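The values are calculated or read from the model by the stated rules, or taken from the named source; none is laboratory data. The structure presented is a predicted model; accordingly, all values stated were derived computationally and were not measured. Please note: Cβ atoms are built from the backbone with ideal geometry, for glycine as well, and neighbour counts cover all protein chains shown. Areas reflect the complete protein model, heavy atoms only, side chains present, ligands, DNA and RNA absent. Shrake-Rupley method; radii C 1.70, N 1.55, O 1.52, S 1.80 Å.
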Amino acid sequence: MASIALAAPAPQARRGFSTLLKRKHSVLPGFSLALGYSVIYLALVVLIPLAAVFLKSSTLGWEGFWNATTQPRVLASFKLSFGASLIAAAINVVFGLIFAWVLVRYRFPGKRLIDALIDLPFALPTAVAGIALATLYANNGWVGSVLAPLGVEVAYTPLGVLVALVFIGLPFVVRTVQPVLEDLEAEVEEAAACLGANRWQTFSKVIVPYLTPALLTGFALAFARAVGEYGSVIFIAGNMPMVSEIMPLMIITKLEQYDYAGATAIAVVMLIASFVLLLLINVLQAWTQRSHQRI
Amino acid sequence: MSISVSNINKRFGGFTALDNVSLDFPSGQLVALLGPSGCGKTTLLRIIAGLERADSGEVFLEGANASALHVREREVGFVFQHYALFRHMTVFDNVAFGLRVKPRDQRPSDAEIRRKVRDLLQLVQLDWLADRYPAQLSGGQRQRIALARALAVEPRVLLLDEPFGALDAKVRKELRRWLRQLHDELHITSIFVTHDQEEALEVADRVVLMDHGRVEQVGTPDEVYDHPASPFVYGFLGSVNLFHGRVDGQALRVGEHALELGAHDLAHDASAVGYVRPHEVQLLRDDGLVDGGLPATVLRITSSGALATVELSRPESPGERVEVTVFRDTLRQIGVGEGDRVRLKPLRVRVFPAEAAASSNSSAAAPLAA
């Protein structure tokens, strides 16, 4: 036993980068082919266009880059885009969980129909959604006319941006949480009840921690989609400078002025910020998932 | 703490899971609910726990009617077949769960919880796993943790639903001995559900045999094995050879041969079936001098360890097989090999009326027809 324990660290130490690349004997064929294909594909479709963005923005030089991205109007759009996207993703986590819960746990007439409706924001052209939302929430629209007397204005305000982002983000949370919830055995909840936990304790101490990785994934997806969303937002946002302009709109505006470098500068900031946020969420998710292996 | 159920009925759609079941589980005993799958044993356990509601009938815990109590208030410990551990919590947190969800005024202090969980983990001999997650444990370890978790809230009764069903044979055997020892230490009234007759006979103080939602027999393991109340119980508790014939005084006529019977209450000339366990048959070499018994031919001999299983056919019913288990030494002494002619002398025959035997055949665990 002792000799095994002593011998063990040696191969452990040698394991490193070289073994990572060394071809290992595997029953699954085609590792190098599949990996090579994936890398080339990723490069062509994702990395090269993104690199072009960085390259173009670099023509501005540091000062030009700084000037292009720190104009008050641009900064306001950063704040709105990231703020509204984070809030929208958070709202979607709460309501997406409730939706998924209802769809998994209960049987009711029309369940399949509702299940199908969830995917509509995926399929609908975003401009259609934007126009529909703007019409509904305008002060003379069905919903807007009810809210206006209460002093709540949705259309053409940051709140309108939020509504549009909630709309397009919902399916991401529902579709990531639903299968995980389906996987949660009723026995686990029964065990909690047998141990004296009430409904709220079972929900908060057993079900939510169990769903946390899925909720984080849903949050990340909904957030990523919301940051990049254009079509559905511009109709309801009203696009007032400093108030309801989103980043993608700023980019379009710059493009229309033939300021390509300025547009890519904003895009670079947007990319880096999104990447950092998504990375953070992924790390958080990996951390919560550690203990979530299937039994 | 005693448990009793009276006149429990439960239907799932058109399927009757429990048909007017009444049972008493005396305090401090370990009782096995034994039966084939679909016999209603798990449903009965879940109704006692409060996880399922009976269509009619009552559950009494310590004499008090508990039928309307929620599962939270029944103070039962329940162990599930697939463990149902909280996989996002460590072993320690799993066991501590029941203590931590108590209302604030009843909740023990953190130090008290820590001490209690340590004690329980020591009781199940897994204190060294406190910081692991369920996914890092073996099946047997998971089930012991599930048991420790159930015991943490000091339940009045312990209910185990096929606790060893998901484990491999060797672990299962170890764990059921361990459960028996644990029960002898704790003396908590326990009911466990199983479809494995060996497990029930080995572990339980009393065995309740169920079939088609009804209780067939209740008794100690020896009672139910030695004096099965019905053909179903006989067939379910072990392999059995069936001999069809007619009652003739103190004998069962099988074709032109006779099997001696003990005491029985069947009418003369009634159509009956004799039940004989494979190890309760004497095997004699047919050298023309043997008197009595049924003639048969050895088809195959398979040995496992000290015992040999002899498969035979009788000339009167060539399609059917008789199985006899003997020590391999005995087989060597009488010098019987494959193809030899022998005489079968059952040492103990239990007869049931032919109709009763026919109706139970479908659900009994593979009786060997003969």
Within chain B, the percent of DSSP beta bridges that are antiparallel, given to the nearest 5, stands at 75
For the protein assembly as shown, inverting the pair-averaged 1/r of distinct alpha-carbon atoms gives a Kirkwood value in Å of 31.7
Excluding residues fewer than 8 positions from residue A:205 in its own chain, the lysines with Cα under 20 Å of it are B:102
Sorted by chain and then number, the residues having a modelled amide H within less than 5 Å of the amide H of residue B:211, at least 5 places away or on another chain, are B:216
Computed about the Cα centre, the charge dipole of the stretch A:193-295 from +1 Lys/Arg and -1 Asp/Glu charges at the Cβ has a magnitude in debye, to the nearest 20, of 720
Listed residues B:164, B:327, B:352; largest mean-square fluctuation, Gaussian network over chain B with Cα springs below 10 Å, found at B:327
Ignoring ligands and nucleic acids, chains B and A bury, in total, an accessible area (1.4 Å probe) to the nearest 100 Å² of about 2400
Scoring only Lys, Arg, Asp and Glu (+1, +1, -1, -1) among other residues with Cβ under 11 Å from the Cβ of residue B:300 yields -2
For residue B:173, the lysines lying under 23 Å Cα to Cα, once residues fewer than eight places off in the same chain are dropped, come out as B:41
From the Cα centre of the stretch A:89-137 to that of the stretch B:120-147, the distance in Å is 42
To the nearest 20 debye, the protein assembly as shown has a Cα-centred charge dipole, built from +1 on Lys and Arg Cβ and -1 on Asp and Glu Cβ, of 2520
With residue A:182 itself left out, Lys, Arg at +1 and Asp, Glu at -1 over residues whose Cβ is under 13 Å from its Cβ give -1
With the dipole of chain B defined by +1 on each Lys or Arg Cβ and -1 on each Asp or Glu Cβ, the option from B:47, B:349, B:254 whose Cα lies farthest towards the positive pole is B:47
Partner aspartates and glutamates whose C-alpha sits under 16 Å from that of residue B:116, ignoring same-chain residues fewer than 8 away, are B:93, B:127, B:131, B:154
Ranking A:260, A:133, A:284 by how far each Cα lies towards the positive end of the charge dipole of the stretch A:72-294 (+1 on Lys and Arg Cβ, -1 on Asp and Glu Cβ), the top one is A:284
In nm, the gap between the two label points placed 7 Å beyond Cα toward Cβ at residue A:182 and residue B:270 is 5.6
Rounded to whole Å, √(5λ) for the Cα gyration tensor eigenvalues of chain A, largest first, gives 39, 33, 17
Distance in nm between residue A:44 and residue B:6 label points, each 7 Å along Cα→Cβ, equals 8.0
Given a 1.4 Å probe, the accessible area of the stretch A:72-294 per residue, as a whole number of Å², is 48
Over chain A, the sum of -39500 (n - 2.57) across DSSP H runs of at least four, divided by residue number and rounded to 500 deg cm²/dmol, gives at 222 nm -22500 deg cm²/dmol
Dipole check, the stretch A:72-294, charges on Cβ (K,R +1; D,E -1), about Cα centroid: among A:147, A:84, A:197 the Cα furthest to the positive pole belongs to A:197
Shielding of B:80-87 by other chains, given as the mean Cβ count within 10 Å, works out to 6
About its Cα centre, chain A carries a charge dipole, from +1 on Lys and Arg Cβ atoms and -1 on Asp and Glu Cβ atoms, whose size in debye to the nearest 20 is 940
With Cα springs under 10 Å, the Gaussian network model of chain B assigns the largest mean-square fluctuation among B:215, B:171, B:91 to B:171
Quick tally, 1.4 Å probe accessible area for B:246, A:107, B:172, sorted with the most first, runs A:107, B:246, B:172
Checking the stretch A:81-164 for chymotrypsin sites (Phe, Trp or Tyr not before Pro) in a loop per DSSP with at most 14 other beta-carbon atoms within 10 Å yields A:106, A:142
Any GluC sites (Glu not before Pro) in the stretch B:61-165 that lie in a DSSP loop and have at most 16 other Cβ atoms within 10 Å would be B:62
Residue A:129 neighbourhood, Cβ < 14 Å, K/R = +1, D/E = -1, net charge -1
Measure of exposure for residue B:183: accessible area at 1.4 Å probe, Å² rounded to 10, is 10
Note: residue B:53 to residue B:317 extended length (0.36 nm per residue) minus current alpha-carbon separation gives 90.1 nm
Descending accessible area (1.4 Å probe), largest on the left, turns B:350, B:177, B:142 into B:177, B:350, B:142
The distance between the Cα centres of the stretch A:25-78 and the stretch B:177-241, in whole Å, is 69
